[in-house]
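Each remark here refers to the structure printed beneath this line.
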Amino acid sequence: MKKGVKKITEKYVTEKTFESNMTNIAKSFARVEESLKNQNLITEMILKEIRQIHEDNKYFRSSISNLNIDGLSYDRKIEDLKNRVERLETKIK
């Protein structure tokens, strides 16, 4: 359904028309302001989630890093023990 444009036959803007248009403009600004408030709230929620994910990732990386270092040191110890066992076996033969 198309909205038609009213033809204005008046040569000058009346006070009633002016007030009506100003009221519509004020309502429009109020809707825009409300929309911006909602967008700001949503943006704040998204930023909180991103910060939380970032903190979780930092904790995870530090935990994995410690496990990796521990794993490498255990691998080194196991290699040393294997070498020692090989040397002992060669001495026995």
For the range 59-73, check the following and say yes or no: at least one residue is at pLDDT below 90, of a type outside the set (A, V, I, L, M, F, W, C) and more than 35 Å from the chain's Cα centre (by Cα). yes
Taking Lys93, is it among the basic types (Lys, Arg) and exposed (fewer than 10 other Cβ atoms within 10 Å of the Cβ)? yes
Using beta carbons and a limit of 6 Å, which pairs, at least six apart or on different chains, have the first residue in the range 38-62 and surrounded by fewer than 10 Cβ atoms within 10 Å (Cβ to Cβ) and the second one among the polar types (S, T, N, Q) and in a helix (DSSP H, G or I)? none
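The values are calculated or read from the model by the stated rules, or taken from the named source; none is laboratory data. The model shown is predicted, which means the values in this text are computed figures rather than measured ones. Every residue, glycine as well, gets a Cβ built from its backbone with ideal geometry; the counts of neighbours run over all protein chains shown.
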